[in-house]
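So the structure is just underneath, and the comments pick up after that.
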Amino acid sequence: MFAIDDASVAASIRSKTFQLQELSITPRLTKDRPIHNVWTKKIAGTDIVLMNPSQRKNEGERTYRRALAISVNANFGAERQAIREAAKLGHGLINVRLCWNRISQFIRGPGDEAAIWNDLGVVLNFLAQVEVYVAAVREQRPADQQELQQRLEALMASRNGLHWATATPTVSTSIETSVRSDRPVPWLSKTKIRVSRRWKHLS
């Protein structure tokens, strides 16, 4: 989002080039408050103002994710890594309850019992394997794909599987994009169709 104010007018006069204030949302991680956003502003030149909207949107999202990751790692680097490693091994949250609770208490999120009840451990197991699959070399993908399918089935069969079902097609599409496939990955396409049909039948 762009705006014009006295500062951007003064900057334009000084530089003799058109400039505006660029307004962006930035994540904030503050003790005893949920993760939230604040508005920030900076002077932007024509290289930003005239940038392709899609490219500017992608750049903004990358900047936001980078800022959030830096903030999380600064406060909970060890805990985050422990949770990621447990999920990668398919262990969910059972062995990292203390790590989860330290983060959740800081941001007033759900504790370990609520998280486990809502199958967040199963979700994290699935997403961790998505990262493994996307990062794998082509020769390794068949084995990683089998594990990914098993974790997806576990997610769909979980207590709150239908709650997470609507996100699955989006994740599947992201995988197809990330692996740069020339055509849809067959088992992912079937998964999206199966989940969509299941959701339509029960909704």
- Got a number for residues in region 13-32 being closer than 19 Å to residue 2 by Cβ and outside any loop (DSSP other than H, G, I, E, B)? 10
- Message: Within region 57-75, does at least one residue satisfy the condition of being assigned to a helix (DSSP H, G or I), among the aliphatic types (A, V, I, L, M), in contact with a Cys (Cβ under 7 Å, 6 or more places away or on another chain) and surrounded by 11 or more Cβ atoms within 10 Å (Cβ to Cβ)?
- Response: no
- Pick out the one residue from 134, 179, 171 that is at pLDDT below 85, over 24 Å from residue 27 (Cβ atoms), touching a helix residue (DSSP H, G or I) at 6+ places or on another chain (Cβ under 7 Å) and not polar (S, T, N, Q). 179
- Note on the structure: When region 108-119 is checked residue by residue, the ones that are out of contact with any Leu (no Cβ under 7 Å at 6 or more places or on another chain), assigned to a helix (DSSP H, G or I) and either buried (at least 16 other Cβ atoms within 10 Å of the Cβ) or touching a residue at least 60 places away in the same chain (Cβ under 8 Å) (or both) are none
- Among the residues of region 7-58, count how many are over 16 Å from residue 71 (Cα atoms), modelled with pLDDT under 90, of a type in the set (A, V, I, L, M, F, W, C) and touching a Leu at 6+ places or on another chain (Cβ under 7 Å). 2
- Does residue 22 meet the test of being over 30 Å from residue 119 (Cα atoms) and in contact with a Lys or Arg (Cβ under 7 Å, 6 or more places away or on another chain)? yes
- So is residue 109 modelled with pLDDT of 90 or more, under 18 Å from the mean Cα position of the chain (by Cα) and under 25 Å from residue 131 (Cβ atoms) or not? no
- Can you name the condition, by its number, that residue 44 falls short on among (1) loosely packed, with under 12 Cβ neighbours inside 10 Å; (2) within 30 Å of residue 22 (Cβ to Cβ); (3) among the hydrophobic types (A, V, I, L, M, F, W, C)? (1)
- Item | Of all residues making up region 146-168, the number that are in a helix (DSSP H, G or I) and modelled with pLDDT of 85 or more | 11
- Message: Tell me the residue from 139, 113, 131 that is acidic (Asp, Glu) and farther than 25 Å from residue 102 by Cβ, please.
- Response: 139
- Message: For region 55-79, give me each residue that is acidic (Asp, Glu) and farther than 19 Å from residue 1 by Cβ.
- Response: 79
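The values are calculated or read from the model by the stated rules, or taken from the named source; none is laboratory data. Keep in mind that this is a model prediction, so the values were computed, not measured. Cβ coordinates were reconstructed from backbone atoms using ideal geometry, including for glycine residues, and neighbour counts include every protein chain displayed.
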